[in-house]
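Working notes for the structure below.
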Amino acid sequence: MRTSPLFMASLYFIMGLVFTYIAAQSVEDTIWNFITIFLAILATFDFAVSIRLFNLHLRLKKSSDKK
């Protein structure tokens, strides 16, 4: 059974939101600590993968409509 790109995009988007929330909660005196920056980078990668998977879903849908 194959997983839909739209489902995977939504999972990555939710993970990006969770990492962003955790990064915002981990701020102590300043945002320039390792954990905050690391979580923000992880959230950025998750959002980028989510956008790419959503675009893949749109391309697959468009190609299946042409047939």
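Each value in this text was obtained by applying a stated rule to the coordinates, not by laboratory testing. These figures come from a predicted structure and were not determined experimentally. Using ideal geometry, Cβ is built from the backbone for each residue, glycine included, and neighbour counts are taken over all protein chains shown.
Across segment 46-60, the qualifying residues are those that are of a type in the set (A, V, I, L, M, F, W, C) and either assigned to a loop (DSSP other than H, G, I, E, B) or in contact with a helix residue (DSSP H, G or I) (Cβ under 8 Å, 6 or more places away or on another chain) (or both), and the one among them that is farthest from Met8 (Cα to Cα) is Leu60.
For segment 26-45, residues that are outside any loop (DSSP other than H, G, I, E, B) and either under 22 Å from Phe7 (Cα atoms) or aliphatic (A, V, I, L, M) (or both) total 9.
Residue count for segment 1-12 satisfying the condition of being under 18 Å from Lys61 (Cβ atoms) and either under 8 Å from the mean Cα position of the chain (by Cα) or assigned to a helix (DSSP H, G or I) (or both): 6.
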